[in-house]
Amino acid sequence: MATGFLNTMRIGSEAIVIAVFGAALVSLIGTRVDSPELAARIAAGDLSGDDTTAQAAAFTHAPHLALYGTAAVCAVGALAVAAALARPRREATVPDEVAETPERSPEGSASVPS
């Protein structure tokens, strides 16, 4: 049962990442061309049209920016995992003078050892 759940989560997250990456590509290409329809065609690999040089530039610029964003997300994730897996810090040691003082009762008076 756990295997099915983990596979569902893995495949579902992959589908979401692919959809977000594709939407980011079309959006980034759309910033360089005139229409969203043209941006979708260029993202699909169709570089036919009037200005193929500008379309090719938009097609190569968008994946670079999207991959830089993906690398930044991975770097932040790696830092979060490293922080979560880091060894706990060493506990502070109590100096001998403090360890030898008698314990205090809740009322504030020193307790007498028996």
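Quick look at the values:
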read-out: Stretch gain in nm, segment residue 67-residue 44, where the contour uses 0.36 nm per residue and the Cα spacing is subtracted; value: 6.6 nm
read-out: Net length gained if the chain between residue 14 and residue 56 were fully extended (0.36 nm per residue, minus Cα distance); value: 12.4 nm
read-out: For segment 18-97, average projected area of the Cα convex hull in nm²; value: 8.0
read-out: Nitroxide proxy distance, nm - points 7 Å out along Cα→Cβ at residue 6 and residue 23; value: 2.9
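Values in this text are rule-based calculations from the coordinates and carry no lab data. Quantities reported herein were computed from a predicted structural model and do not represent experimental measurements. Cβ: placed from backbone, ideal geometry, glycine included. Neighbour counts: every protein chain shown.
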